[in-house]
Amino acid sequence: MKRIFVALSAAFLFSSVWAQEWDAGRQYYQKGLYAASIASLEGQHGAMPEGYRALSALALKLDNRQELAEAYLQNWPESVLVPQVSFFQAMDLFDQEDYQRVLLLLSSIKEDQLQKSQIPEYSYKLGYSAYRAGEWQYAAQVLSAVSKLPYSDYTAPSCYTLGYLNYSHERFREAEDWFQKAGGDVRFQDLAKYYILECRFNEKDYAYVVRNGEAMLDAAPQDRKPRLARMISESYLVRGDVDRARAYYDRHLSGTEAKTRADYFYAGEMMYLAQDWEQAADNFEKVCAVPDSLGQMASYQLGYSRIQLKNKVAALEAFHDAAKLDFSPEVKEDAFFNYAKLAFDLGKDTAPFQEYLSRFDTKSRGDQIYSYMAMVALQNHDYEAAVEAYDNLDVLEPAMQSNYMKAYFLRARQLMEMGSWRAAVPHLKTAAYYSPSRDGFNQLSRYWMAEAYYRDGKYGDARGILTDLYNLSALPGQAEGELLPYQIAYTYFKEGNYEQALRWFGIYLGGRHSQYGGDAQTRIGDCYFFRADYPGAIGAYEKKMRDYPDPDDLYPAFRAGVASGLLQDDAAKIRFLEGVKHASPAAPYYSETYYELGRAYVATGAHQEATEAFTTLEKTTKDPSMATLAILELGTIARNQGRDEDALRLYKQVVQGGGDHAEDALLAIESIYRSRQDPDAYLAYVNSLGGDAHRSEEQKEEVYFSTAEQIFLSGDIAKATTTLQAYLERYPRPVYGAKARFYLGECYRASGALEQAADQYQAALEGGLDAALSESALLQYAHLNYTLGNYGKAYGAYLRLQEQARLDENKASAAAGLMRSAFRAKQWEDAIAAAQPLTGAKDAALQREALYVRAKSFFSTSRRAEALSDFQELSRQPSTPEGAEAAYLVIQDLFDRAQFGQIQERVYAFADKAGGQNYWLAKAFIVLGDSFAEQGNTAQAKATFESIRSGYTPSGAEDDVLDQVDVRLRKLQ
Amino acid sequence: MRHTIQFSAALALLVGIPAMAQNLNPVVEVTNMYEQAATGIEKPLQQMAVPDSLLKFNLDMDYEVRTTPYRGAYEFNPYLVQLRTAPRSYEEQTLFLRLGAGYGFHPELDAVWSPVKKDNFRVNLYGRHQGYFGHYRNIAIDNDYYFRGDGTLYGGADALSSVGVNTLYGWDKGMLTADIHYRNIFSSDAFQETAHHIAALQARVQSAPQTSFYYNVGVQARHLVREGLKETYLLSDGGLGANLRRSQLRLDYQVEGVFTGEGQAGELSLIPRYVFQAGSFSLNLGLKASFPFRSDEYFYPTHDHYLFPDVYVDYQVIPESFVLQASVTGGNQLETYGSLLEGNHFLPSFLRTALDFEAETVHVSAGIRGNIAERMHYNVNGGYAFRANALEWGYGYDTSWASSYPSAGRASYSLFYADAKAGWTSERLDADVHLRYQRTTLSSDYIFAPPAFTAQFKFLYNWGGRIKAGVDLHAATERVLQLPEGNTDVQLHIPGYADLGLYGEYGFTRRMAAWIRVGNLLNMEVQRTLFHAERGIYFSIGAQYSF
């Protein structure tokens, strides 16, 4: 109580008969007597006295003011002084630049809780704190509100801050407006002028900068001068006044004082624009090390500088560095693009392009990239790569169409040459897509598409295309055009429509050119034969033999003989078949013809000739079934001649050999014993055979398969194919299916039907082939897929083979195959891994190949240093294909690094030792020509290219040397 | 396959006549499939002849990495000039001077000079005077048993003058305040004319709120000299404790003593206290142990209380807006002459000496506080207290009421009250209101009960900081003598009053202003101190200066 009396006595002095106990504190506080306020509030407790005590402490800036304020806000949250305490606490924190807490505190206050006179300060400091705390959008919102309030001390600062906010967000037009408003306040006049200049500069009003900047420069503070000078310099530069630009640069920015990275950057830009690439690159290099936005830009520009210096390898590194940073998405994207392009140019590494496309959503760039990849592939005659690139294009520019169609066609040709008929079809279809149906290229593509269909057994599809082409009188004057009826005829023939086949073969033979006349004539005979028109067949075969004589072509004679036999004209039969005696035993149908000749002799009773024929057959044929038949026939002749013992011996020989004719032989033996009325002997013989005498279905299947196997082993591929197919057809669930398919695969492979062969090997492997054959099947399957260009499948098969192979030879094949297929499949890492162990192979060629594969794989994954190390080693053997290519690539690397001086010496050294490696030597000389061109020695370059053109003989259609030379000569003209 | 066999059989029939003759069928051609179909007959492979034109490509393409056109060397990088806002100025004043006087002489002076304003340290020199020198109404009982002015006047005075120096030092962990002053209280009425000379010293050091160690130590010494009386009063209070994470544990204390020629008295109080928050509750739990001492039995001797509750509970109903509050407290109050004089400058007319304990055995209150629209604050309470040996103002007489004089006496009674305070704080308007109703069980034939209702308000409106206008009121209902039960005497009254004042201020500059005040506009008999009423309406004009 006594303390209150003191306070009351003071309060009474202030204008009223009564006041609250704390009123003196309030009044002293309101009058700026803060210490007196605290003194007058001594001993008082409660929301109001403690509030004024905290406010006074804040105003006095006592060291414990924040604690007092915090305690007050905590103890008296319901007090009406809370907004004031919060406000002044925030003001105090603002002075301490603790903007986060200011933001927090002021955000907790509403404007209407404050005194009206406090609102501009409140809003400005809230906005400014938001700005300093990085909440720029909110800051702009709040500060804009201040600018709309009646003019106060905080109007100009708010405008200035808003100007700066917009300026730093590169909204220069808005920024300039705010700076204009702030400039009315003398406190901000100079700065606002400067920022307005910078805004104008960024708005590309270079004339304004030039007009106003010079006057501003002298008066500018020292730290601002370089920046101002740079803007003036660049403005002059943009306006085309490089001299004045450089003058400003030299005067203000190239001094001896320590340069900042920004200075180096600008210097780089200056030099770049002055086309002093060396200097530009030197300056940019000093900026690149730090991974910030400036570093990114410098790396990017460094890349371009190095491009100008022709050092693509270094440019690649610079672009790659720029592409790793995220500060400028545009720079990053373009740098990545250039990096990818260079990686592709330098090492055919497509991975960066792929990464580029996956990381940047740039459809147009995607098309550009793939066009570029395709173009480079075409230049190198790498149609597979070209097609791969084209496959990624959605829209094809008209200018590209010609290349596109050719690329697909030539890739199809490669596939067909490998036996990949099926895979060739879509390529040919694509090749034909962009050309009209009457266009020669279109017709040629479709012609070969029909052929691919035919080879794949799709006769109807093939015929559809061929008929269409025929109706268009397609490909006139070309061999393919002439062959259209022939091809159509074959489709009918394969389908068993002999009537139509006969017609179309006839049309073909009626044409002017008949490249395949003999074959067509034979097929006409076949058509008659299969239609059972044997006289017609005989006539046709005779015409073939007459018009297209070939002693080793026994087929027409054999058919004519059989047809004569069917007409019971044995004399004619003998006449047709006797030609076999002058044919090579290796000729197709040799055995069959001899057999039929023997039978014809038998039929005419010429047993001696018959015996000679069957004996010759038995001795010369590699077909065991034919040999068995010959023995059986010899037995029959002996029986007919009464030489039963000889007959029994021969029949028993047949029974002993097993096979499908054993049953017939057994019947014959039974017949002989019956005729001797010696059943005991027969039974004894039968008993001696045991179970072989009466075969079960399983045994019969075994016999059937065994026969087919023997035919296969005899080397008669056509007959083996037919027999094995028959076996598989006869036994839907064959016991020997896997083996039969393996043999069938072998037959197809031997006959060149590689895709079918691969299918059969695969089926055999899936069917549970025994271990020994499995290894062989896997090897063949892998080889075939590799040959057919299915490198991925080949790689998988080789991998399996590597795991399963027991034979060292197969293991070695697997290792080499693995490396080759990974390399061809562009599985670079796998290729490197597979090549690694083979670099130590004993076989020098394989070792070289492994080194080559590893080097190329390194190269294709931009591991340039490792690649070059391998290439250097390989280039010591420049007369080998790998060594020659390596020597060329080492020379190309010098070119890519702009080390032109060393190229000539290296090329000549290579020429001395290149041996027969003309292709790579020519390529090396092209690089030499390029290096002359890059050094400005056009005459020397031209002479080099012309000497290549005149002296080089292409090694084949895919040789790109002359193309490359022509391109360069065109450029030089 | 069946037809194949049939065909083979037919073939054998046709070509195997000799064999048939031998009754043999030795030729079963299982492999002559080619004879009836084109199986095994392959079309010759045709070599693809590729026209030269197909191998020629249009390769006219620039294979160089493209060079971009000049993009400009300038990479925008904001140029930052970090402007520092000047620290906020709070315009702390160095000198404040306010003085005034008028008719119905109420001279007043308030002067504060702050010669030292350095960082955390402040020193203020101050001098204050407030007084009245003039006529008082002569108070006598009328026919209605009211003590009213009888129409005559007498000369008198009531003045308080003080000079002193106070200082303040605040540092990050605490604050020290000190004050030393001389005060003169002069009063003159129909019964006496007395000057009191008071020298006082007080100081307090206390920890900042957030520090872990809590301390608060205050000392006070006051020496009062009046003709025939010397009184020395000493006090130390405060506490020690620990600020925990969300609570505070401390031991408060108060020790005071008064020394006069008539004797000494004092008291030591210890209050262990635990302050903490539990959800929306804020609890301040204390228990006061008081140990009074005295030099003789003259003092209130028989009702010593040693233990008192000291408990305060708040409950936040609406955070930051509305709080329920309750408290149970009690304690002894050492009443000295000096302390009573602060409230009644005419004390010598009532008492010549005073030294005793007043005890508030228990004081229970409950209420609400909070704000409305974050501008108006209020604090409304109701409660009950039992006061023992409380000093109250009364009268005495020699022979009859007509010759009555001021007096005082002690009594014990219960007090029931309702108390409402409210205020409005804004830039334009400061307003405070205090209304109180109270009822006591005080019954005495010479001590007046406090007025049942008192009302006080003050409004001060501010036009742009230059013009201020205000109105204030202090009103009380009559005070009545509550006679003890069975007493047949008549009931005496002190009439109620309403002291209404007006205030105006005009600022010539931000530093200088002139003011005027008119008091007791209703010309009422304002017995704020019993039996003392100034003459009537008065006015003062003055000036105010600060820099």
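Among the conditions (1) hydrophobic (A, V, I, L, M, F, W, C); (2) more than 60 Å from the chain's Cα centre (by Cα); (3) surrounded by fewer than 16 Cβ atoms within 10 Å (Cβ to Cβ), A:ILE631 misses just one, which is (3).
Taking the criterion of being more than 29 Å from A:ARG863 (Cα to Cα), outside any helix (DSSP H, G or I) and touching a helix residue (DSSP H, G or I) at 6+ places or on another chain (Cβ under 6 Å), the residues of the stretch A:775-834 that qualify are A:LEU788, A:ALA805.
Looking at the structure I just gave you, is A:ALA57 among the hydrophobic types (A, V, I, L, M, F, W, C), more than 9 Å from every other protein chain (Cβ to nearest Cβ) and more than 60 Å from the chain's Cα centre (by Cα)? No. Residues in the stretch A:538-575 that are closer than 14 Å to A:TYR528 by Cα, part of a helix (DSSP H, G or I) and not small (Gly, Ala, Ser): A:ILE538, A:TYR541, A:GLU542, A:LYS543, A:LYS544, A:PRO556, A:ARG559, A:VAL562, A:LEU566. Would you point out the residue of the stretch A:836-889, among those that are β-branched (Val, Ile, Thr) and farther than 22 Å from A:PHE910 by Cβ, that is modelled with the lowest pLDDT? Ranking the qualifying residues of the stretch A:836-889, first place goes to A:THR861. Put simply, of A:GLU388, A:GLU397, A:GLU355, A:GLU384 the only residue that is of a type in the set (D, E, K, R) and over 30 Å from B:LEU54 (Cβ atoms) is A:GLU355.
Taken together, the residues in the stretch A:26-42 that are in contact with a Gly (Cβ under 8 Å, 6 or more places away or on another chain) and more than 8 Å from chain B (Cβ to nearest Cβ) amount to 3. Restricting A:GLU234, A:GLU203 to residues that are within 13 Å of chain B (Cβ to nearest Cβ) and either within 20 Å of A:LEU294 (Cα to Cα) or hydrophobic (A, V, I, L, M, F, W, C) (or both) narrows the list to A:GLU234.
Please work out if B:SER339 is surrounded by fewer than 18 Cβ atoms within 10 Å (Cβ to Cβ) and either over 22 Å from A:MET48 (Cβ atoms) or within 10 Å of another protein chain (Cβ to nearest Cβ) (or both). In short, no. Where residues in the stretch A:376-429 are free of Cβ contacts under 8 Å to residues at least 60 places away in the same chain and assigned to a loop (DSSP other than H, G, I, E, B), which of them is farthest from A:PHE823 (Cα to Cα)? Once the filter is applied, the top-ranked residue is A:GLU397. Taken together, the residues in the stretch B:116-144 that are assigned to a strand (DSSP E or B), touching a residue at least 60 places away in the same chain (Cβ under 8 Å) and not basic (Lys, Arg) amount to 7. The residue list A:ALA777, A:ALA772, A:ALA720, A:ALA794 contains one member that is without any contact (Cβ under 8 Å) to a residue 12 or more places away in the chain and either more than 14 Å from chain B (Cβ to nearest Cβ) or more than 40 Å from the chain's Cα centre (by Cα) (or both), which is A:ALA772. Of all residues in the stretch B:444-465, those that are in the same structural domain as B:MET512 (by TED's automatic domain parsing) and over 30 Å from B:TRP515 (Cβ atoms) have Cβ atoms under 9 Å from Cβ atoms of residues that are aromatic (Phe, Trp, Tyr) and at pLDDT 95 or above, 6 or more apart or on another chain, in B:ALA452/B:TYR437; B:PHE453/B:TYR437. Looking at B:ALA373, B:ALA359, B:ALA354, B:ALA390, just one residue is assigned by TED's automatic domain parsing to the domain that holds B:THR260, farther than 30 Å from B:ALA408 by Cα and small (Gly, Ala, Ser), and that residue is B:ALA373. Scanning the stretch A:199-224 for residues that are assigned to a helix (DSSP H, G or I) and charged (D, E, K, R) yields A:ARG200, A:ARG211, A:GLU214, A:ASP218. In the stretch B:75-92 there is at least one residue matching the filter, namely being touching a residue at least 24 places away in the same chain (Cβ under 8 Å) and either under 30 Å from A:GLU70 (Cβ atoms) or among the hydrophobic types (A, V, I, L, M, F, W, C) (or both). Looking at this structure, is A:PRO624 surrounded by fewer than 21 Cβ atoms within 10 Å (Cβ to Cβ), farther than 26 Å from A:GLY525 by Cα, under 60 Å from the mean Cα position of the chain (by Cα) and not hydrophobic (A, V, I, L, M, F, W, C)? So A:PRO624 fits the description; yes.
Looking only at the stretch A:278-306, residues that are within 11 Å of another protein chain (Cβ to nearest Cβ) and surrounded by fewer than 19 Cβ atoms within 10 Å (Cβ to Cβ) come to 2 in all.
Kindly indicate whether A:TYR138 is among the aromatic types (Phe, Trp, Tyr) and more than 12 Å from chain B (Cβ to nearest Cβ). Criteria met by A:TYR138. Among residues that are under 30 Å from A:GLU234 (Cβ atoms) and within 14 Å of another protein chain (Cβ to nearest Cβ), A:SER168 is included.
Restricting the search to helices (runs of 4 or more DSSP H) fully inside the stretch A:71-190 and requiring at least 3 residues that are more than 30 Å from A:TYR208 (Cβ to Cβ) gives A:82-95, A:99-107, A:119-132, A:136-148.
Condition check ((1) surrounded by fewer than 17 Cβ atoms within 10 Å (Cβ to Cβ); (2) not polar (S, T, N, Q)) across all residues:
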{"site": "A:SER435", "(1), (2)": "no, no"}
{"site": "A:ARG455", "(1), (2)": "no, yes"}
{"site": "A:ALA462", "(1), (2)": "no, yes"}
{"site": "A:GLY481", "(1), (2)": "no, yes"}
{"site": "A:GLN487", "(1), (2)": "no, no"}
{"site": "A:GLY506", "(1), (2)": "yes, yes"}
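The values are calculated or read from the model by the stated rules, or taken from the named source; none is laboratory data. Keep in mind the model is a prediction, meaning the values are calculated, not measured. Methodologically, a virtual Cβ is constructed for each residue, glycine included, from the backbone with ideal geometry; neighbour enumeration extends over all protein chains shown.
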